[in-house]
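Trainee: The structure follows.
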């Protein structure tokens, strides 16, 4: 009788073991079907990763174990580490973390990370949910660029440039930071359209924008903003620059544009610009005032023969003017 009972007990234990193994296998299959990456993580490293986590990290599923998730992060490392630490302590973290990861193959993906505590044989373990939001962020960034850039030239648009200028103006005290505004206008732009056609005029605008943006990058005009604010009118914001440096920078811009050929189906031609400059004064109450002063200097540059840089005479104690030599 005892032998029968032992045999039945062994059969029951074997059945229980097989059931547990089967349950674990089914659970593993269910976790692999999740549309989000799942990592089970001790303080030392990963002890389980589902198929989506393997795909995200571009590491074979059997090789995910033993790695540390933070080693994959490119950004927000401190935030992710803090979120994991809170989960290890059993605290609920309601916020997710968006971060970039560098996969084993070197590509960068953007993920949303959610960490939560998970009971695991009495040991502190966290589960990390990884949602791949790379495509979503790409779309969001593209939509954002559309709202802040001029479609034709790739420069910032007027609204975005004025928002930047107003924020900087409002956040600094008069006299504490140099702040210059340059307004550029293509000379005889109507003549370009009439002679070569409107497509050539568009090419001139694109060429000017590309030339200035490349020059800004090359000369490292720190904190500068370049935007198209009208038909053939552009704006260059130059913070943290004294008057002499501003004039020199604008002359660099003028010369670069003058020397840049504009290649179109109608032929090759050159364009010049007139530039008006104003520097913030202690009495200026808003960015609009500085912009108006630069616009006034622009008209003086036009009246003086075009293709030159003029600084607003009221900006400085003594008038300064820089004209192009021909």
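Trainee: Under 28 Å from residue 303 (Cβ atoms) and under 22 Å from the mean Cα position of the chain (by Cα): which single residue out of 161, 182 fits that description?
Mentor: Result: 161 is the single residue among 161, 182 that is under 28 Å from residue 303 (Cβ atoms) and under 22 Å from the mean Cα position of the chain (by Cα).
Trainee: Right, something else. Can residue 230 be described as touching a strand residue (DSSP E or B) at 6+ places or on another chain (Cβ under 9 Å), on the phi > 0 side of the Ramachandran plot and either surrounded by 14 or more Cβ atoms within 10 Å (Cβ to Cβ) or in the same structural domain as residue 160 (by TED's automatic domain parsing) (or both)?
Mentor: no
Trainee: Only residues that are surrounded by fewer than 17 Cβ atoms within 10 Å (Cβ to Cβ) and under 14 Å from residue 113 (Cα atoms): list them for segment 56-70, please.
Mentor: Scanning segment 56-70 gives a single hit, 70.
Trainee: Follow-up question, since we're still on this one. In the list 306, 296, which residue meets the criterion of being more than 24 Å from residue 207 (Cα to Cα) and surrounded by 14 or more Cβ atoms within 10 Å (Cβ to Cβ)?
Mentor: One residue alone meets the criteria, 296.
Trainee: Can you tell me which residue among 162, 221 is closer than 20 Å to residue 295 by Cβ, in contact with a helix residue (DSSP H, G or I) (Cβ under 8 Å, 6 or more places away or on another chain) and assigned by TED's automatic domain parsing to the domain that holds residue 238?
Mentor: The unique qualifying residue is 162.
Trainee: Which residues, taken from segment 202-220, are under 20 Å from residue 192 (Cβ atoms) and either more than 21 Å from the chain's Cα centre (by Cα) or not in a helix (DSSP H, G or I) (or both)?
Mentor: 202, 203, 204, 205, 206, 207, 208, 211
Trainee: Here is a follow-up. Just the residues that are touching a strand residue (DSSP E or B) at 6+ places or on another chain (Cβ under 9 Å) and under 13 Å from residue 235 (Cα atoms), please, taken from segment 269-292.
Mentor: Within segment 269-292, 273, 274, 275, 276, 277, 278, 287, 290, 291, 292 qualify.
Trainee: Would you mind stating whether residue 306 is part of a helix (DSSP H, G or I) and assigned by TED's automatic domain parsing to the domain that holds residue 193?
Mentor: Considered against the rule, which asks whether it is part of a helix (DSSP H, G or I) and assigned by TED's automatic domain parsing to the domain that holds residue 193, residue 306 comes out as no.
Trainee: Then there's this: Among the candidates 200, 271, single out the residue that is in contact with a helix residue (DSSP H, G or I) (Cβ under 8 Å, 6 or more places away or on another chain), surrounded by 18 or more Cβ atoms within 10 Å (Cβ to Cβ), more than 17 Å from residue 307 (Cβ to Cβ) and in the same structural domain as residue 161 (by TED's automatic domain parsing).
Mentor: Just a single option satisfies the conditions, and that option is 200.
The values are calculated or read from the model by the stated rules, or taken from the named source; none is laboratory data. Quick caveat, the model's predicted, so the values are computed rather than measured. Cβ: placed from backbone, ideal geometry, glycine included. Neighbour counts: every protein chain shown.
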